[in-house]
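Asks: Take this structure first; my questions come after.
The values are calculated or read from the model by the stated rules, or taken from the named source; none is laboratory data. Treat the numbers as computed from the prediction; the structure is a model and nothing was measured. Cβ placement follows ideal geometry from the backbone for every residue including glycine, while neighbour counts extend to all protein chains displayed.
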Amino acid sequence: MENKESIEVRHQDAMCTNESKQSEIGVFSNIKYLIVGIAFGIVFVKAEIISWFRIQEMFRLQSFFMYGVIGTAIIVGMLSIWLIKRFNIKTISGEKITIENKTFNKGQVYGGLIFGIGWAITGACPGPLFAQIGSGFLAVGVTFISAIAGTWVYGYFRDKLPH
């Protein structure tokens, strides 16, 4: 009979199959991520993806702009996954990338609705939150704290939610 700790470890392993086996040590090892994040934020700001007005236009069906951005991201993601699978592309560290098939469940619909409502009300989703704060929209700090609280609540009730 297995104890609870071994079951949780096995469950975590199943969830994080692409986690790197190599450990990077030191503060400077994450500079590459900081640089990419800053560049990504600049692109978000310059492309007006973080604009509350652009997001409201999208939810009011008044503009195609954000749908075009999201559609382009979906196409790039699909193409990237196809290329990774087709040419067996590995990580920078040389590790194999595995993409497991996902099963659909009703919890995804509920989560998507909650996410979409929050996005429509606040005018922000998790990625642009940091760019909005970095651009000086300090009121978005409330949205950021709410996102952290929502993540914590989900983690707390995860086992009781429909998956």
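Asks: On the given criteria, is GLY107 surrounded by 12 or more Cβ atoms within 10 Å (Cβ to Cβ) and either modelled with pLDDT under 90 or part of a helix (DSSP H, G or I) (or both)?
Replies: yes
Asks: Sticking with this structure for a sec: Can you tell me which of (1) within 25 Å of ALA147 (Cβ to Cβ); (2) touching a strand residue (DSSP E or B) at 6+ places or on another chain (Cβ under 9 Å) is the one LYS96 doesn't meet?
Replies: (1)
Asks: Sticking with this structure for a sec: Have a look at GLN56, GLN62, GLN108 and point out the one that is of a type outside the set (Ser, Thr, Tyr) and in contact with a Gly (Cβ under 7 Å, 6 or more places away or on another chain).
Replies: On the way: GLN62 fails: in contact with a Gly (Cβ under 7 Å, 6 or more places away or on another chain); GLN108 fails: in contact with a Gly (Cβ under 7 Å, 6 or more places away or on another chain).
Only one candidate qualifies: GLN56.
Asks: Output the number of the condition that ILE35 fails; it satisfies all remaining conditions of (1) within 18 Å of ALA131 (Cα to Cα); (2) among the β-branched types (Val, Ile, Thr); (3) surrounded by 11 or more Cβ atoms within 10 Å (Cβ to Cβ); (4) modelled with pLDDT of 90 or more.
Replies: All conditions pass for ILE35, except number (3).
Asks: On the given criteria, is THR151 out of contact with any Leu (no Cβ under 9 Å at 6 or more places or on another chain), among the β-branched types (Val, Ile, Thr), free of Cβ contacts under 8 Å to residues at least 12 places away in the same chain and under 24 Å from VAL36 (Cβ atoms)? Break it down stepwise before answering.
Replies: Numbers: out of contact with any Leu (no Cβ under 9 Å at 6 or more places or on another chain): yes; among the β-branched types (Val, Ile, Thr): yes; free of Cβ contacts under 8 Å to residues at least 12 places away in the same chain: yes; under 24 Å from VAL36 (Cβ atoms): yes.
Criteria met by THR151.
Asks: Another one. Considering region 124-145 alone, what residues qualify as being part of a loop (DSSP other than H, G, I, E, B) and either over 21 Å from VAL43 (Cβ atoms) or under 16 Å from the mean Cα position of the chain (by Cα) (or both)? Step through it out loud before you land on a result.
Replies: Our first condition is that a residue be part of a loop (DSSP other than H, G, I, E, B); within region 124-145, this holds for 124-125, 135-139.
ALA124, CYS125, LEU138, ALA139 - these are the residues of region 124-145 that are part of a loop (DSSP other than H, G, I, E, B) and either over 21 Å from VAL43 (Cβ atoms) or under 16 Å from the mean Cα position of the chain (by Cα) (or both).
Asks: Show the residue pairs that are 6+ apart or on different chains and have beta-carbon atoms under 6 Å apart, the first residue being within region 103-114 and among the basic types (Lys, Arg), the second being surrounded by fewer than 10 Cβ atoms within 10 Å (Cβ to Cβ).
Replies: The qualifying pairs do not exist here.
Asks: Counting only residues that are over 30 Å from VAL140 (Cα atoms) and either surrounded by 10 or more Cβ atoms within 10 Å (Cβ to Cβ) or of a type in the set (Lys, Arg) (or both), how many does region 75-104 have? Walk me through how you get there before you give the answer.
Replies: Keep residues of region 75-104 that are over 30 Å from VAL140 (Cα atoms), which gives 78-104.
Remaining after also requiring either surrounded by 10 or more Cβ atoms within 10 Å (Cβ to Cβ) or of a type in the set (Lys, Arg) (or both): 78-86, 89-91, 95-97, 99, 102.
Residues in region 75-104 being over 30 Å from VAL140 (Cα atoms) and either surrounded by 10 or more Cβ atoms within 10 Å (Cβ to Cβ) or of a type in the set (Lys, Arg) (or both): 17 in total.
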